Amino acid sequence: MNASPMNAGVKSAWLSLDSLSLHSAGTHIVDAATLSFTAQRTVVLGPNGAGKSTLLRLIHGLLRPTSGNLIWPRPLTQAMVFQRPVMLRTTALENIIYGLRLQGHNATECRTRALAALEKVGLTPIANRPARLLSGGEQQRVALARAWAREPQLLILDEPTASLDPASTREVERIIGEIAAAGTHLLMTTHNLGQARRMAEQIVFIDHGRIVEQTPVEQFFNTPQTEAAQRFLKEEIP
Amino acid sequence: MWIQYRNNLILLTDFHDSFLTAWHLVAAADARLFGVVLLSLQVSLSATIIACLVGMPIGALLAVGRFPGRRLLVVLFNGLMGLPPVVVGLMVYLLLSRAGPLGTFGLLFSPAAMVIAQAVLVTPIVAALTRQTVADAWTEFSEQLRSLGASRTRAAATLLWDGRFSLTTAALAGFGRAIAEVGAVMIVGGNIDGVTRVMTTTIALETSKGDLPLALGLGLVLIAVVLAVNAAAYQLRQWAQRHWG
């Protein structure tokens, strides 16, 4: 693994939000979010409707902020995996190749990289199966392979295991862990607190569109700083 | 029992005989009937293919594109679905007539003129139905395709390919309209025997002449063709649903 400056001693931010806001119909979906992402693996937590997914979409560029700025010290190539995998009506392999073609690789390289990505997610045997007929877990792994093959520097995941069974969830977590181990920055949301503990270095907790706290993962779960986070953890842990 | 039709008295039992004769004409693949059916298929299939080549990209771009006047164009194409065939026929007639802007090509009263007229008639139908299909797909694919960096044009092309099986419905609606219309081909084709006479114009003509067997025979063939094409498309969509999801 390459020792990037991010992993050494004092961490510098790979992304800073400067009072980032998104307003819609008079409500603040994301309200003046100001924070710096320094950890390689960040999990955004918060109740339903807190603005987690919206924040991810603003960062990925799918949504345009009403006001405020995203400050990238150096631009990172990104890929995003959504809660529900979206597959084209073609084979699993061709779905991955499609994502690579859009990056401008030639046909041979697309195929090689797509096959390698499928192998990494353990789906080589189903390469030529129609993607939309795969199980939900398999489709999500194809989606991860499609993202991974593009070799992003930042991988954004919006509740990637929300609709998966425990076995698929474990497999998806393994894959995400491997992607992160190769040095890719991770930014994800989840409602699975165990998953947040396993995946995160840092937790960003948001509520009603506002950044409530940003703390290292152990600290967040043991001694949450804010009352909102304490309430959230008390309600969610069975 | 006698009924009056166009100053001719026709015995109602004639209808029974007409059906029988019509059936014999169809069964024997009567040369006259065969030629008419073939020309009908050639003209309407060509028109449908042209309409798909033009209308489907337009529909897809109307669904995913972002450009000024998009909404206006959507309303326009939806409205043009109801174009009266005779009006289209008249417009194409004016364009192709000797004095018209395209008169030098001498296309009037030829099958080519009929293809043009039907293509004009059917393109808005294909475009409007394609737009609807692609717009539905866009709600599912929009974020994923934009995330992968697809331009709007690329996304339109991708969704056309992805929706290739459901889009048969749009093509079929166009073909159904083309093969069933009389007004446009009558005006620009002229209903010339052996040259521009198609099923619908022959039915209209033979009925008015009182040759009911041929008209009925063609009517049966017309219905059979439309049903067969729809059945084939239905089978294709079923297979695609099972095979690709």
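Given the conditions (1) part of a helix (DSSP H, G or I); (2) more than 23 Å from A:Thr42 (Cβ to Cβ); (3) not aromatic (Phe, Trp, Tyr), and given that A:Asn128 satisfies all but one, which numbered condition is not satisfied?
(1)
Given the criterion closer than 14 Å to B:Leu148 by Cβ, without any contact (Cβ under 8 Å) to a residue 60 or more places away in the chain and surrounded by 23 or more Cβ atoms within 10 Å (Cβ to Cβ), identify the matching residue among A:Gly99, A:Gly104, A:Gly61.
So the residue among A:Gly99, A:Gly104, A:Gly61 that is closer than 14 Å to B:Leu148 by Cβ, without any contact (Cβ under 8 Å) to a residue 60 or more places away in the chain and surrounded by 23 or more Cβ atoms within 10 Å (Cβ to Cβ) is A:Gly99.
Which of the residues spanning segment B:16-31 are under 13 Å from B:Asp211 (Cβ atoms) and either part of a helix (DSSP H, G or I) or at pLDDT below 60 (or both)?
B:Asp17, B:Ser18, B:Thr21, B:Ala22, B:Leu25
If B:Arg6 satisfies every condition in (1) modelled with pLDDT of 80 or more; (2) within 23 Å of B:Asn191 (Cα to Cα); (3) surrounded by fewer than 17 Cβ atoms within 10 Å (Cβ to Cβ) but one, which is the exception?
Checking B:Arg6 against (1) modelled with pLDDT of 80 or more; (2) within 23 Å of B:Asn191 (Cα to Cα); (3) surrounded by fewer than 17 Cβ atoms within 10 Å (Cβ to Cβ), the one that fails is (1).
So for segment B:53-68 (the condition being in contact with a Gly (Cβ under 8 Å, 6 or more places away or on another chain), in a helix (DSSP H, G or I) and closer than 26 Å to B:Thr201 by Cβ), does at least one residue qualify?
Checked segment B:53-68: at least one residue is in contact with a Gly (Cβ under 8 Å, 6 or more places away or on another chain), in a helix (DSSP H, G or I) and closer than 26 Å to B:Thr201 by Cβ.
Given the criteria of a type outside the set (A, V, I, L, M, F, W, C) and without any contact (Cβ under 8 Å) to a residue 12 or more places away in the chain, does A:Glu119 qualify?
It is true that A:Glu119 is of a type outside the set (A, V, I, L, M, F, W, C) and without any contact (Cβ under 8 Å) to a residue 12 or more places away in the chain.
Test of understanding: among B:Val36, B:Val75, which residue is part of a helix (DSSP H, G or I), β-branched (Val, Ile, Thr) and at pLDDT 95 or above?
Criteria check complete, one pass: B:Val75.
Which count do you get for residues in segment A:147-158 that are touching a residue at least 60 places away in the same chain (Cβ under 8 Å) and crowded, with 20+ Cβ neighbours inside 10 Å?
8
Across segment B:139-156, what is the number of residues that are within 23 Å of B:Leu76 (Cβ to Cβ) and either touching a Cys at 6+ places or on another chain (Cβ under 6 Å) or surrounded by fewer than 19 Cβ atoms within 10 Å (Cβ to Cβ) (or both)?
Residues in segment B:139-156 being within 23 Å of B:Leu76 (Cβ to Cβ) and either touching a Cys at 6+ places or on another chain (Cβ under 6 Å) or surrounded by fewer than 19 Cβ atoms within 10 Å (Cβ to Cβ) (or both): 3 in total.
Filter segment B:146-189 down to residues that are within 14 Å of chain A (Cβ to nearest Cβ) and more than 26 Å from B:Trp239 (Cα to Cα), then give me how many there are.
9
Within segment B:177-211, track down each residue that is in a helix (DSSP H, G or I), within 23 Å of B:Trp23 (Cα to Cα) and in contact (Cβ under 8 Å) with a residue 12 or more places away in the chain.
B:Ile179, B:Ala180, B:Met199, B:Thr200, B:Thr201, B:Thr202, B:Ile203, B:Ala204, B:Leu205, B:Glu206, B:Ser208
Among A:Glu171, A:Glu218, A:Glu138, which is in the same structural domain as A:Ala116 (by TED's automatic domain parsing) and either acidic (Asp, Glu) or surrounded by fewer than 16 Cβ atoms within 10 Å (Cβ to Cβ) (or both)?
Only one candidate qualifies: A:Glu138.
Mind checking which pairs have a first residue in segment B:64-80 that is over 16 Å from B:Val122 (Cα atoms) and a second that is in a helix (DSSP H, G or I) and among the charged types (D, E, K, R), Cβ under 8 Å, 6 or more apart or different chains?
B:Val64/B:Arg152; B:Gly65/B:Arg152; B:Arg66/B:Arg152
Scanning segment B:40-55 for residues that are closer than 20 Å to B:Leu160 by Cα and of a type in the set (Val, Ile, Thr), which turns out surrounded by the most Cβ atoms within 10 Å (Cβ to Cβ)?
Looking at residues that are closer than 20 Å to B:Leu160 by Cα and of a type in the set (Val, Ile, Thr), I get B:Thr48.
Have a look at B:Leu227, B:Leu159, B:Leu214, B:Leu218 and point out the one that is surrounded by fewer than 22 Cβ atoms within 10 Å (Cβ to Cβ) and either of a type in the set (D, E, K, R) or part of a helix (DSSP H, G or I) (or both).
When all the criteria are applied, what remains is B:Leu227.
How many residues does segment B:210-245 hold that are within 14 Å of chain A (Cβ to nearest Cβ) and over 29 Å from A:Leu134 (Cα atoms)?
Residues meeting the conditions: 0.
The values are calculated or read from the model by the stated rules, or taken from the named source; none is laboratory data. This one's a predicted model, so the numbers in the text were calculated from it and none came from an experiment. In this analysis, Cβ positions are derived from the backbone assuming ideal geometry, glycine residues included, and neighbour counts consider all displayed protein chains.
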